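Presented below is the structure to which this report refers.
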Amino acid sequence: MYGKLYSSCLYGIDGVMIEVEVDLASGIPQTNIVGLPDSAVREAVERVRAAIKNCGYTFPLQRVTINLAPADLRKEGAAFDLAIALALLSASGQVILPPEERLLIIGELSLDGTLRPVPGVLSMVDRARREGFTSVLLPQENAEEALLLGDIKVYGITHLNELDPASKDGKGQEIKEKEAPLCLPSLGHLEIKPKNGTIAESAKPLENYSDVLGQRHIKRALSIAAAGFHNIVLIGPPGTGKTMLIRRLPTILPPLTPEQSLEVTKIYSSAGKFSDSAQGLMTRRPFRSPHHTISSGGLIGGGGIPKPGEVSLAHHGVLFLDELPEFSRGVLEVLRQPLEEHKVTISRSRASFTFPAHFLLAGSLNPCPCGYLGAQPPLPQCTCSPWRVAQYREKISGPLLDRIDMHVEVPRPSGWHEDHHPLSSEEMRESIEQAEVMQDRRYHGTGIRRNSELSGSLLRRFCPLDSDAQKLLLSSFETLGLSMRAYDRIIKLSRTIADLEGHTNIQASHVAEAFSYRHLDQRPQL
């Protein structure tokens with residue numbers, strides 16, 4: 001006897017369709033799972049055996065072969081339990097599944113038949129929807145997450161016995177043996193109705209730039225970074241508000257588009273970090289702030305079967321590295337590739353995984369270990385030796401700094417008590433949204449969305465400079481000894497400043513302002 005059903009597993013952050021085939025043959029009773037299963041999949045035999053017995057069915061006393069196809073793809077996790085159980089029951093004639101349904105089956109079984117949730121459901125159901133599946137059967141706790149996609153029927157159950165209308169309590173207690181095959185007509189009694197709308201409205205953020213008195217120059221720099229998605233680092237002594245300013249950066253970023261929202265939510269679902277599915281897809285841009293003790297694998301992703309790291313969890317959002325030199329140099333250096341390519345590729349012996357990683361890098365640092373190098377009274381005097389300062393600085397390499405568009409000095413606030421109407425997030429967002437509209441129109445059909453993504457011929461095409469701006473750029477390039485990468489980044493930064501001002505061409509004033517945000521280029525001794 002033979003039976004076949006469909007389940008799914010994660011491959012990186014994407015779902016992959018898996019055929020669950022079951023063959024029952026004569027011979028000594030034994031059960032084998034083939035198709036590159038990991039330990040959790042091999043152990044499914046014992047979970048399924050106990051669940052079937054405790055729900056009143058009969059586990060086939062035959063030679064059972066379970067194949068997970070394609071056979072050359074490594075399978076991991078417990079998402080196949082329910083599909084294996086139903087395939088066994090179907091092949092042995094104890095269950096008849098509705099032939100009109102092209103059904104995806106996902107779920108982990110406990111020993112009494114209770115269904116447990118699994119991670120990555122959004123990616124799995126999205127792949128099934130694109131491959132023409134009409135419905136999905138999964139644990140009740142994953143149902144709301146699957147409903148976010150629409151265009152596919154979602155059936156959620158909490159117990160295997162819920163598939164049997166004759167079951168009295170559905171708690172896995174012993175019941176009489178079935179006298180006839182069980183038919184599941186359309187599973188209509190299990191269908192879940194989606195809530196109104198699929199994308200939740202973001203709650204009003206509690207933090208606001210109106211909390212920050214003064215520092216209008218820094219707020220201007222952060223507006224430019226948000227408008228063009230430029231990487232930024234703030235440099236200054238302790239207590240000047242560097243961390244406070246960056247933590248409010250998400251409040252001025254535009255909301256995620258529907259495509260971006262689905263992509264970000266899939267990443268969090270595959271990482272097992274999406275727990276608020278009742279609120280809909282994620283619409284706020286992510287803000288990740290890992291501790292400085294994080295490892296390279298934790299930052300870019302890793303593991304035997306790689307999982308997304310912090311750079312992927314910050315996709316389309318902000319990755320904040322507070323006290324940048326406190327991170328190990330090796331950890332910081334792995335940021336080079338994702339900052340350029342906006343993705344991370346992790347290779348293992350069996351497969352290669354690619355995770356998206358298009359994020360805005362924001363960092364903060366002190367000018368020296370004690371934090372007061374170059375400070376003026378009434379701030380304390382620096383007590384660091386030149387050797388300590390050099391050792392502190394070398395944690396951040398030149399190539400990494402070259403990939404950061406803006407290095408902005410944050411001075412000690414002055415006259416803050418006179419700032420009776422501090423610039424708020426709403427006011428800053430108005431000009432950013434205007435610049436966003438200009439970029440959307442300019443780059444329509446090019447495959448890019450923000451100025452920071454420009455390169456090559458597109459940079460020359462969309463960044464026309466006035467003659468005065470060209471002269472200023474060339475003279476500063478020679479004077480400061482900039483790299484070609486820094487040269488291009490200053491042009492992109494000038495393009496964003498021009499957009500905020502509503503100008504088509506880049507003027508000399510825009511280039512001059514862009515240079516003012518390259519603090520480490522102007523003062524290499526810092």
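The values are calculated or read from the model by the stated rules, or taken from the named source; none is laboratory data. The model shown is predicted, which means the values in this text are computed figures rather than measured ones. Glycine also receives a Cβ, built like all others from the backbone with ideal geometry; neighbour counts cover every protein chain displayed.
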*Tally the residues that are surrounded by fewer than 17 Cβ atoms within 10 Å (Cβ to Cβ), more than 17 Å from Tyr443 (Cα to Cα) and within 34 Å of the chain's Cα centre (by Cα), restricting the search to the range 489-513.*
1
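Results for (1) buried (at least 21 other Cβ atoms within 10 Å of the Cβ); (2) within 22 Å of Ser123 (Cα to Cα), shown as yes or no for each residue.
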{"position": "Leu256", "(1), (2)": "yes, yes"}
{"position": "Leu262", "(1), (2)": "no, yes"}
{"position": "Thr265", "(1), (2)": "yes, yes"}
{"position": "Ser269", "(1), (2)": "yes, yes"}
{"position": "Gly272", "(1), (2)": "no, yes"}
{"position": "Ser275", "(1), (2)": "no, yes"}
{"position": "Thr293", "(1), (2)": "no, no"}
{"position": "Ser296", "(1), (2)": "no, no"}
*Quick one: count up the residues across the range 235-261 that are under 17 Å from Phe359 (Cβ atoms) and either among the hydrophobic types (A, V, I, L, M, F, W, C) or not assigned by TED's automatic domain parsing to the domain that holds Pro378 (or both).*
5
*asked:* Just the residues that are loosely packed, with under 14 Cβ neighbours inside 10 Å and under 20 Å from Leu321 (Cβ atoms), please, taken from the range 352-392.
replied: Gln391
*the range 96-136 - residue that is under 25 Å from Glu43 (Cβ atoms) and hydroxyl-bearing (Ser, Thr, Tyr) and, of those, surrounded by the most Cβ atoms within 10 Å (Cβ to Cβ)*: Ser123
*So Ser483 clears everything in (1) of a type in the set (S, T, N, Q); (2) closer than 25 Å to Thr243 by Cα; (3) not assigned by TED's automatic domain parsing to the domain that holds Tyr372 except one condition, right? Which one?*
(2)
*Across the range 141-156, what is the number of residues that are surrounded by fewer than 21 Cβ atoms within 10 Å (Cβ to Cβ) and in a strand (DSSP E or B)?*
1
*Please work out which residue is nearest to Lys266 (Cα to Cα), limiting yourself to the range 337-346 and to residues that are buried (at least 18 other Cβ atoms within 10 Å of the Cβ) and at pLDDT 90 or above.*
Val344
_Total residues in the range 1-28, condition aliphatic (A, V, I, L, M), farther than 30 Å from Pro356 by Cβ and assigned to a loop (DSSP other than H, G, I, E, B)_ = 2
*Neighbours by Cβ (under 8 Å, 6+ apart or cross-chain): first from the range 138-160, more than 17 Å from Leu5 (Cβ to Cβ); second aromatic (Phe, Trp, Tyr) and part of a loop (DSSP other than H, G, I, E, B)*: Glu145/Phe274
*asked:* Looking at Val41 and the list (1) at pLDDT 95 or above; (2) crowded, with 23+ Cβ neighbours inside 10 Å; (3) not basic (Lys, Arg), which single condition is not satisfied?
replied: (1)
*Kindly provide the set of residues from the range 118-177 that are among the acidic types (Asp, Glu), at pLDDT 90 or above and under 20 Å from Val48 (Cβ atoms), ordered by number.*
Glu141
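Matching residues to (1) among the hydroxyl-bearing types (Ser, Thr, Tyr); (2) touching a Phe, Trp or Tyr at 6+ places or on another chain (Cβ under 8 Å); (3) on the phi > 0 side of the Ramachandran plot:
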position	(1), (2), (3)
Arg284	no, no, no
Phe287	no, yes, no
Ser312	yes, yes, no
Pro325	no, yes, no
Val344	no, yes, no
Ala357	no, no, no
Cys368	no, yes, no
*Condition met for Leu122 (within 15 Å of Tyr6 (Cβ to Cβ) and either assigned to a helix (DSSP H, G or I) or among the hydroxyl-bearing types (Ser, Thr, Tyr) (or both))*: no
_Any residue that is in a helix (DSSP H, G or I) and modelled with pLDDT of 90 or more - is there at least one of those in the range 478-488?_
yes
_Residue list for the range 334-357, restricted to those being touching a Pro at 6+ places or on another chain (Cβ under 8 Å) and either closer than 23 Å to Asn451 by Cα or of a type outside the set (A, V, I, L, M) (or both)_ = Arg336, His342, Lys343, Val344, Arg348, Phe353, Phe355, Ala357
*asked:* Any residue at all in the range 46-69 that's at pLDDT below 90, of a type outside the set (Lys, Arg), under 35 Å from the mean Cα position of the chain (by Cα) and surrounded by 16 or more Cβ atoms within 10 Å (Cβ to Cβ)?
replied: no
*Only one residue in Ser349, Ser425 is buried (at least 17 other Cβ atoms within 10 Å of the Cβ) and hydroxyl-bearing (Ser, Thr, Tyr). Which one?*
Ser425
*asked:* Show me the helices (runs of 4 or more DSSP H) found entirely inside the range 356-462 where at least 1 residues are within 26 Å of the chain's Cα centre (by Cα) and either of a type in the set (D, E, K, R) or under 30 Å from Pro290 (Cα atoms) (or both).
replied: 398-402, 425-442
